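Here the structure comes first, spelled out in structure tokens, and everything after it is commentary.
The values are calculated or read from the model by the stated rules, or taken from the named source; none is laboratory data. No experiment lies behind these values; they were computed from the predicted model shown. Cβ placement follows ideal geometry from the backbone for every residue including glycine, while neighbour counts extend to all protein chains displayed.
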Amino acid sequence: MLSQKLPVNQVLAGDCITLMNQLPPESIDVVFADPPYNLQLRHELWRPDQTPVEAVTDNWDQFADFKTYDRFTRDWLQACRRVLKPNGTLWVIGTYHNIYRVGAILQDLNFWILNDVIWIKTNPMPNFQGVRLTNAHESIIWAQKERGSAYTFNYHALKQLNEGLQMRSDWYFATCRGKERLRKDGARLHSTQKPLALMYRILVACTHPGDLILDPFFGTGTTGVAAFQLGRRFIGIEQDVDYVEIAQQRLTEVQPHQESSLVVTPNLRREARIPFGTLLEHGLLKPGQLLYYGMRSQEYAQIQADGSLLFGDKHGSIHQIARLLRGGPDNGWQVWYYQDERSGQRYPIDHLRQKLRTQILNKEEET
């Protein structure tokens, strides 16, 4: 039994449903699943130059019928639901062959779908027969275990990845190629190897350093590589012993990033709320002290004992007086500056708020 101790940062060989049912309940932060697609290929594929196409013909992608595939899907999703924490989320990737069936079963099991992400392949394989559109994307469903739970979403971190713009649900990545594509004697080691860049983005989006990610279809270990690089933990499950060996070897070669670089941009909306007046209560600012509207501005307001500001004959909060001066939705924490008594330098009052947050957190840890 695996329930006595979590097999962290290990690749487990065997059936994913059996092994997940041996893990402790509510022990996993995030699941990423790349299940069989049930492609139902009937014929060999050939290029115009009469060379064969490396298609997905592996035994693990073969199912007798839709009923068999649906039963398999329900069983592994139910096992995932059992091990996910109440605030946990699940990502599952697929193609048009299976993703709609997976999505329906997710909803049947009371997962709540948060997003469907479209991975747009910048280098898709052409449709050599010319009878249908080129399949240039795969779909990824992101769902939470319990609707309304406070799941992890690093919105600001994704915004940083996207050069300051809100991350959209259409993601452009190339399929594995060149040195990233694992091969032996010229042949692909895994027919559906996912790009590391895709897994990197997913883990940045929904995890923190130290979180535990479960991949029940581990393949050659891309999820584990991304987890190691980002300071996350993982459990991989894979039934093909050859893939297990490849993944284990691949993981020994991973160079993790420095610990100090792993914390992503925080979502300030989810930090503990600290009213401006709290700075006075803790002695970080004083009644009568002046705040300046900008680092070099001569405009100032006076702090009142109740945490309000007095600007001429106008009286209001740090946000109200900021809007009065310039109009628009100014954030008072960012535009008001206090002057340090020793150095004479001005600093945003938000520095004091962050200092107080740190003090409060340290006290909580001590208790």
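For the stretch 287-305, a residue qualifies if it is of a type in the set (S, T, N, Q), out of contact with any His (no Cβ under 9 Å at 6 or more places or on another chain) and over 15 Å from Asp340 (Cβ atoms), and the qualifying residues are Ser297, Gln298, Gln302.
Looking across Asp211, Asp242, one residue alone is more than 24 Å from Ala174 (Cα to Cα) and over 14 Å from the mean Cα position of the chain (by Cα). It is Asp242.
All of Val92, Val131, Val204 fail the test of being modelled with pLDDT of 90 or more, of a type outside the set (Asp, Glu), in the same structural domain as Ala79 (by TED's automatic domain parsing) and not in a helix (DSSP H, G or I), apart from Val92. Could we say that Thr175 is closer than 30 Å to Asn110 by Cβ, part of a loop (DSSP other than H, G, I, E, B) and assigned by TED's automatic domain parsing to the domain that holds Pro209 here? In short, no. Put simply, of Arg168, Arg201, Arg188, Arg147 the only residue that is free of Cβ contacts under 8 Å to residues at least 24 places away in the same chain and of a type outside the set (Asp, Glu) is Arg168. Among the residues of the stretch 74-83, not a single one is surrounded by fewer than 12 Cβ atoms within 10 Å (Cβ to Cβ) and either modelled with pLDDT under 80 or not small (Gly, Ala, Ser) (or both).
If the condition is being over 37 Å from the mean Cα position of the chain (by Cα) and among the β-branched types (Val, Ile, Thr), then the stretch 272-311 contributes only Ile303.
Applying the selection to the stretch 132-151, what residues are surrounded by fewer than 18 Cβ atoms within 10 Å (Cβ to Cβ) and touching a helix residue (DSSP H, G or I) at 6+ places or on another chain (Cβ under 9 Å)? Listed by number, the list holds a single entry, Ala150.
The strands (runs of 3 or more DSSP E) found entirely in the stretch 304-367 include none that carry 1 or more residues being outside the structural domain of Tyr293 (by TED's automatic domain parsing) and modelled with pLDDT under 90. One residue stands out in the stretch 239-256 among those that are in a loop (DSSP other than H, G, I, E, B) and more than 18 Å from Glu180 (Cβ to Cβ): the one that is modelled with the lowest pLDDT, namely Pro256.
Can you tell which of Ile120, Ile99 is within 22 Å of Thr73 (Cα to Cα) and in the same structural domain as Ser191 (by TED's automatic domain parsing)? Step by step, each of Ile120, Ile99 is checked, and only Ile99 is within 22 Å of Thr73 (Cα to Cα) and in the same structural domain as Ser191 (by TED's automatic domain parsing).
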